[in-house]
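Q: Sharing a structure below in structure tokens format, with a few things to ask.
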Amino acid sequence: MMNDKVTLDQVNTNKIKGPISNKYHTDVPLLLGLLASLFLSLFVLYSASGQEVDMLIRQVVRTLSAFALMIFVAQIPPKYYTKLSIYLYIIGIILLVMVELFGDISKGAQRWLNLGVVRIQPSELFKVVMPLTVATFLSHSTLPPRLFSTVTAFAIVGIPTILILMQPDLGTAALVAVSGVICIFIAGLSWWWIAVGAIVVAGALPMMWNFVLHDYQKQRIFTLLDPSTDPLGAGYHIIQSKIAIGSGGLYGKGWLQGSQSQLDFLPEPHTDFIFAVLSEETGLVGFLILMTLYCFIISRCILITLNAKDNFERILCGSFTFTFMFYIFVNIGMVSGILPVVGVPLPLISYGGTAMITLMICFGMMMSIHTHKKVSFFKKDNQ
């Protein structure tokens, strides 16, 4: 009888240690989707950078560092996220205030903080901290959230959003606000609140136009409505981007053969406008490959969200998933001329280190939530 028990324990132990996705707390399908997307990124980036090998090497180093950080974050059990959230939120607010007081000014914006050893952009921190903090707060409240909880949650979202708007950084402020509001929506925000919010936002638009938006931001909106009014100035970027996308056709002009990107007609072809490079050189086929990879990653994230074991994990994973989708929509929308240019990179594809690290931290948290849930399930059975 004892031998039978030992055998059963061994089987259960093997179940815990067996799948590599559980042992190393990485979700293999999600990992493969991310690797495929990043391989496509390097393929496009080599062309978008003007075949600059040094830039490609830097991106490879940043990508490997981001993946290592993702794997590290995935090893941390989800229960520690809730304990860290409030401290990360307070530290983030302090850093944003420090940016406002004595941050570095570059291109008319005050977004960076020079700490001597490193130069950081604290607003990027809130792309992770915002959904983490709001999800933690709401998971300890009655769901759907009541009046006090809803107002408090919106206050948590509003404070850093206003500080980021003051830098000014409209694009990052919008992304941070959306990540927090999505948490509140997933928690069960009533349609009455949504209606009131829509009315408040509509009523605040004139005030935002007169007192919040800067002249260059207003010009971007005018340019969106009619780029041809200033084809050599404010409308130049959008006009060239739309030409690149439209000229790609079905199969594209070929790798390294895009006239708009290779002849420097496109602005920031390796960052914000890399989607135009992809479309021009690979055409509709390349676009469909990119969308297939995105849909695979998103569907896997939705599956992880649906399988989450408690309210905190569901709200957090849901926010990460929909925010990732929002990033994609905003970048492709602005490059295609249906949204104002707000400086949002294309997730997993654009050149850059900060945005990549932020995304990998989010995916690492989702992997932790998914794989630690599996291990705890088997342990519970043994007990």
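Read the figures in this text as sums done on the coordinates, not as results from a lab. Note that this is a predicted model, so its numbers are computed, not measured. So basically every Cβ, Gly included, is an ideal-geometry build from the backbone, and we count neighbours across all protein chains shown.
Q: Given an 8 Å cut-off on Cα distances and at least 6 residues of separation, report the relative contact order of the chain as a percent.
A: Relative contact order here is 27 percent.
Q: Additional query: With everything on Cα atoms, drop me the angle between helix 147-165 and the longest principal axis of the chain, reported from 0 to 90° to the nearest 10.
A: 40
Q: Placing unit charges on C-beta atoms (Lys and Arg positive, Asp and Glu negative, everything else neutral), compute the dipole magnitude of the stretch 89-212 about its Cα centre in debye, rounded to 20.
A: About 100 debye.
Q: Helix-only estimate, please: 222 nm mean residue ellipticity of the chain, summing -39500 (n - 2.57) across DSSP H runs of length 4 or more and dividing by its residues, to the nearest 500.
A: About -24000 deg cm²/dmol.
Q: Something else: Give me the percent relative contact order of the stretch 89-212, please, defined on Cα pairs under 8 angstrom at least 6 residues apart.
A: 25
Q: Going by average Cβ density within 10 Å per residue, which order do the peptides 270-278, 90-98, 174-182, 52-60 take, highest to lowest?
A: Top of the packing list down: 270-278, 174-182, 90-98, 52-60.
Q: Would you work out which of Leu96, Val44, Ala66 lies farthest towards the positive end of the dipole of the chain? Charges go on Cβ: Lys and Arg +1, Asp and Glu -1.
A: It is Ala66, whose Cα lies furthest towards the positive end.
Q: Right, something else. Lys and Arg at +1, Asp and Glu at -1: add these up for the other residues within a Cβ distance under 12 Å of Leu266 and post the number.
A: Residues close to Leu266 contribute a combined charge of -4.
Q: Give, rounded to the nearest 20 debye, the magnitude of the charge dipole that the chain has about its Cα centre when Lys and Arg contribute +1 at Cβ and Asp and Glu contribute -1 at Cβ.
A: I would put it at about 1320 debye.
Q: Moving on. Excluding Leu256 itself, what net charge comes from residues whose Cβ is under 15 Å from its Cβ, given Lys and Arg +1 and Asp and Glu -1?
A: Within the 15 Å Cβ shell, the charges total -3.
Q: Among Tyr251, Val128, Val330, whose Cα sits farthest toward the positive end of the charge dipole of the chain (+1 at Cβ of Lys/Arg, -1 at Cβ of Asp/Glu, about the Cα centre)?
A: Val128
Q: Can you tell me how much longer the chain between Ile90 and Trp191 gets when fully stretched, taken as 0.36 nm per residue apart minus their C-alpha distance, in nm with one decimal?
A: Length gained, Ile90 through Trp191: 33.3 nm.
Q: Sticking with this one: Can you give the angle from 0 to 90° between the axis of helix 354-382 and the longest principal axis of the chain, with both taken from C-alpha atoms, to the nearest 10?
A: 20
Q: If you don't mind, another one. If we count every other residue with Cβ under 11 angstrom of Thr321's Cβ, Lys/Arg +1 and Asp/Glu -1, where does the sum land?
A: Net of charged neighbours comes to +2.
Q: For the pair Asp264 and Phe43, what calculated FRET efficiency results from E = 1/(1 + (r/R0)^6), where r is the Cβ-Cβ distance and R0 = 25 Å, to the nearest 0.05?
A: The computed FRET efficiency comes out at 0.80.
Q: Shifting gears a bit: Indicate the gyration tensor shape class of the chain (rounded, prolate or oblate), computed on the Cα atoms with a ≥ b ≥ c the square roots of the eigenvalues: a/c under 1.5 is rounded; otherwise a/b larger than b/c is prolate and the rest oblate.
A: Oblate, since a/c reaches 1.5 and b/c is not below a/b.
Q: Another question, if that's okay. Helix 170-186 against the longest principal axis of the chain: what's the angle in degrees, Cα atoms only, rounded to the nearest 10?
A: Roughly 40 degrees, rounded to the nearest 10.
Q: Using a Förster distance of 35 angstrom, determine the FRET efficiency expected from the C-beta separation of Asp104 and Val53, and round it to 0.05.
A: Between Asp104 and Val53 the formula returns 0.75.
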